[in-house]
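Here's the structure we're looking at; comments come further down.
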Amino acid sequence: MAAPASVRAEDPQRVSTIKSRMKILLISNYLPDQQQSMLRYAAMLQRECNRRGWQAEIIHPLAIVGGFSWLRGSLKKWLGYVDKYLFAPGYLWSHARHADLVHICDHSNAMYLRCAGTRPALITCHDLLAVFTARGAYPQMKTGATGRILQRWIAASISQAKFIICVSTKTQQDLKRLDPEMDAYTEVIYHSLNWPYAPAPPEAIAEARKNSALNPNGEYLLHVGGNQWYKNRLGTMQIFAALQRYPRFQNVKLIMAGKPWTSEMRQYSESQGLTEKIIERNSVANEELQALYSGSMALVFPSVEEGFGWPLLEAQACGCPVITSARAPMTEVAGDGALFIDPADPEAAARTIADYADKLPALRVAGTSNLARFDADIMMNRYISFYLWTIEEKSHSGSE
């Protein structure tokens, strides 16, 4: 169920009346899991709420038995479960009872909704890839028995939610596919940038090139992402290998910024003779990533699935042309500021890129124009409206 149109129009007087006393509890992720994108999302919400006079506090499930740095493998996972699902509920409930609104910042923590008690509460649904993977929707990926149980629990908890923010229309559609009978108010609210990306100065670009062992004027393509299967990092390598057969790209390199390569990626790079052409960069800080975007010929982002796709906006903010998949939500987020390719066909993707190579610079202006749709003020106005709607509806239902 979608919230009515009135929820999208913030009433400044109404907000001003209550914001000085409003306390928002943002339940973020378990820190040892190092889910950086989710941690940045919660931090972004806290920063933007507080900047507007709302009192927002971030809380994480405490790392009591699973937070030791020496823990590895299954022991770390199971002790993390103890922290998250045995110890956390009471701790979160003790904080939630002092809040006016509880926001579960990651749908994978939807089971914490019960910690809100009678308080108004909502969740943000980023994507349902893990839930559908556990149901066998993606044959290339297998989920273990424990993972299937966990994802069923997550899905059931999401289905019980009454107020849900989705980060894209694609995610909202997947939510309806998850449970067609779900009775929830849902609203699509796009992310804004979670770090102030902008074109980097020449000296920063030169330093980033040096750190990546590039010559001062060498051209390169950039990929940003982790090793989740849907990021299609091996596919990115395959597209780049196909591009090497085109004269325009024979002297172009590929920088892959993100997690360390998998053994499969490393073997592929060696087997194709690309060890000198593909550069692995791990744990790149935001400042350097900004410089890499700014100096790149284009971002290549051929994900097969996403919930949103922050790197698309990051690249556009830095004036970097975007090449991405002709699939939702990449088409939804990148808008008119991207060249779209088929991520499942490396040869065809390379041909499209090669044919469009001379026109890539024109995407810089289109990307900047597209970025206006993801302004932080637009995002927060819609969040505040949804927060108010959640509080009002909870109040009405409680008085019946």
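Some points to look at:
- Scope region 172-194; condition buried (at least 16 other Cβ atoms within 10 Å of the Cβ), under 22 Å from THR331 (Cα atoms) and either without any contact (Cβ under 8 Å) to a residue 12 or more places away in the chain or not hydrophobic (A, V, I, L, M, F, W, C) (or both); matching residues: GLN172, ASP174, THR186, GLU187, TYR190, HIS191, SER192, ASN194
- Each residue in region 370-390 was checked for being of a type in the set (S, T, N, Q) and at pLDDT 95 or above, and 1 pass.
- A residue that is among the small types (Gly, Ala, Ser), in a helix (DSSP H, G or I) and in the same structural domain as ASN50 (by TED's automatic domain parsing) occurs somewhere in region 377-389.
- Residues located in region 241-259, provided they are over 15 Å from ASN227 (Cβ atoms), within 28 Å of the chain's Cα centre (by Cα) and in a loop (DSSP other than H, G, I, E, B): none
- Condition check for GLU288: of a type in the set (Asp, Glu), assigned to a helix (DSSP H, G or I) and in contact with a helix residue (DSSP H, G or I) (Cβ under 7 Å, 6 or more places away or on another chain): yes
- The single condition among (1) in contact with an Asp or Glu (Cβ under 8 Å, 6 or more places away or on another chain); (2) modelled with pLDDT under 95 that TYR293 does not meet is (2).
- Residue check for ALA241: more than 21 Å from VAL322 (Cα to Cα), small (Gly, Ala, Ser) and not assigned by TED's automatic domain parsing to the domain that holds GLN140: no
- Of the residues LEU62, LEU75, the single one that is out of contact with any strand residue (DSSP E or B) (no Cβ under 8 Å at 6 or more places or on another chain), at pLDDT 90 or above and either part of a loop (DSSP other than H, G, I, E, B) or at positive phi (or both) is LEU62.
- Being touching a helix residue (DSSP H, G or I) at 6+ places or on another chain (Cβ under 7 Å), at pLDDT 85 or above and assigned to a helix (DSSP H, G or I) is a condition met by no residue of region 2-18.
- Residue that is surrounded by the most Cβ atoms within 10 Å (Cβ to Cβ), among those in region 309-321 that are not aliphatic (A, V, I, L, M) and not in a loop (DSSP other than H, G, I, E, B): GLN316
- Scanning region 217-237 for residues that are surrounded by fewer than 19 Cβ atoms within 10 Å (Cβ to Cβ), within 25 Å of PRO361 (Cα to Cα) and of a type in the set (S, T, N, Q) gives a single hit, ASN217.
- Exactly one residue among GLU305, GLU276, GLU332 is of a type in the set (Asp, Glu), outside the structural domain of TYR41 (by TED's automatic domain parsing) and farther than 27 Å from GLN173 by Cβ, and that residue is GLU276.
- Lone qualifier among PRO361, PRO311, PRO343 - being of a type outside the set (S, T, N, Q), at pLDDT below 95 and closer than 16 Å to LEU222 by Cα: PRO361
- Within the set THR324, THR352, the sole residue that is in a helix (DSSP H, G or I) and at pLDDT 95 or above turns out to be THR352.
- Here THR262 passes the criteria (1) under 22 Å from the mean Cα position of the chain (by Cα); (2) surrounded by fewer than 23 Cβ atoms within 10 Å (Cβ to Cβ); (3) closer than 30 Å to PHE374 by Cα except the one numbered (3).
The values are calculated or read from the model by the stated rules, or taken from the named source; none is laboratory data. Keep in mind the model is a prediction, meaning the values are calculated, not measured. Note: ideal-geometry Cβ built from the backbone for every residue, glycine included; neighbour counts use all protein chains shown.
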